[in-house]
Every structure is written in structure tokens, then in C-alpha cells.
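Structure first, commentary second.
The values are calculated or read from the model by the stated rules, or taken from the named source; none is laboratory data. Keep in mind the model is a prediction, meaning the values are calculated, not measured. Cβ placement follows ideal geometry from the backbone for every residue including glycine, while neighbour counts extend to all protein chains displayed. Side chains included, ligands, DNA and RNA excluded: accessible areas come from the protein's heavy atoms. Shrake-Rupley method; radii C 1.70, N 1.55, O 1.52, S 1.80 Å.
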Amino acid sequence: MYTQPDSAGRCGAFHAESFFSGYSFFESSGNKKGADKQGGMAHFELPPGQTSIAMTHRTVEEIWFFLSGHGEMWRKNSQQETIVQVEPNTCLTLPLGTHFQFRALSQAPLTALGVTMPPWPGDAEAVEVQGIWRPTIS
């Protein structure tokens with residue numbers, strides 16, 4: 001639920017959520033997917049030695065903050081292409097239209113929090129694209 005700011009600029013109800021291993025999504029309104037107008041946050045976990053499917057998003061941008069593990073993130077847009085080494089405390093952006101893929105290179109899962117703006121609109125948002133590595137998960 002979203003609360004309009006009062007005259008002193010204070011607003012919003014507080015929300016808390018426990019994330020589970022794998023994938024979780026949480027919005028600033030406390031809802032689970034698709035009803036917020038501000039943004040959302042997702043938790044990603046890729047098992048050791050695994051590679052994601054390469055994707056792009058239709059309407060959202062993301063900021064990822066890596067929590068644990070070590071790996072690589074490939075990003076490509078119309079102006080540049082790069083592979084970034086990721087580890088705890090690495091933060092990176094995925095501007096609209098960026099193709100991306102990530103892989104876990106350590107013996108521990110690669111975990112990250114992703115902030116999505118605007119909020120995740122639904123299952124049709126992510127579009128599979130050609131990546132640079134062979135995906136090992138579906």
C-alpha cells in the first residue's frame with residue numbers, strides 16, 4: 001500500500017519481507033509483483049558453476065548489487081559491450097535495452113539484489129537474446 005506524503009513530507013507504510021533462495025521479488029508497496037508505481041527489488045541466486053540465459057528487458061532498467069560469490073556479467077547495448085568481474089559489493093546498471101548474461105565462477109552461489117524501475121510489469125518483460133556463453137539453466 002502506498003501512502004501519500006503528509007504536509008511534513010513523511011509518507012509510506014513500512015514493509016519487510018524474507019527472501020528465499022533462488023528468486024524473490026518485492027515492491028516498495030509491499031506487494032509481490034506488478035502493482036507498485038515506484039519500483040521493485042528482486043533477489044537472484046545462481047548456483048555454483050552455472051550460467052544464466054541471456055536476456056533483455058522491454059520497459060525496465062535495473063541496478064544490481066552483488067552479495068556473495070564470484071562471477072562475470074556480460075552487458076551489451078548499441079554503444080558498447082563489456083564483461084565485468086562481479087563479487088560482493090559490485091554494483092552495476094542495466095539500462096533499458098541492455099542485453100545481459102551472468103555466470104557463477106566460484107564454488108558458492110552468485111547472489112545479487114536487483115532494483116527495478118519502474119516495477120516489474122509481468123512475465124513478458126524479459127526477452128531471451130543471444131548471449132556469449134552457453135546457458136546451463138533454463
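Couple of notes before you dig in:
- S78 - accessible surface, heavy atoms, 1.4 Å probe, Å² rounded to 10: 120
- Dipole check for segment 34-101: with +1 at the C-beta of Lys and Arg, -1 at the C-beta of Asp and Glu, and the Cα centre as origin, the magnitude is about 200 Debye.
- Between the listed residues F44, P119, Q85, the Cα displaced farthest toward the positive end of the dipole of segment 32-123, a dipole computed from Cβ unit charges relative to the Cα centre, is found at P119.
- Environment charge of E61, counting only residues whose C-beta is closer than 13 Å and scoring Lys/Arg +1, Asp/Glu -1: 0
- FRET efficiency for R58 and N89, using Cβ-Cβ distance with R0 set to 35 Å, rounded to 0.05: 0.75
- Electrostatic bookkeeping for T136 treats Lys and Arg as +1 and Asp and Glu as -1; over the other residues with beta carbon under 15 Å from its beta carbon, the sum is -1.
- Over segment 76-134, equivalent-ellipsoid semi-axes from the Cα gyration tensor in Å: 20, 16, 13
- When the alpha carbon gyration tensor of segment 43-83 is reduced to an equivalent ellipsoid, its three semi-axes come out at 20, 13, 11 angstrom, largest first.
- Note on exposure: W74, W120 ranked by accessible area (1.4 Å probe, complete protein assembly) read W120, W74, with the most exposed listed first.
- √(5λ) per eigenvalue of the Cα gyration tensor, segment 60-103, largest first, Å: 18, 12, 7
- L67 exposes around 70 Å² of accessible area when a 1.4 Å probe is run over every protein chain in place.
- Using the alpha-carbon positions of segment 40-138, Rg (one decimal) and Dmax (whole number) come out as 12.4, 34 Å.
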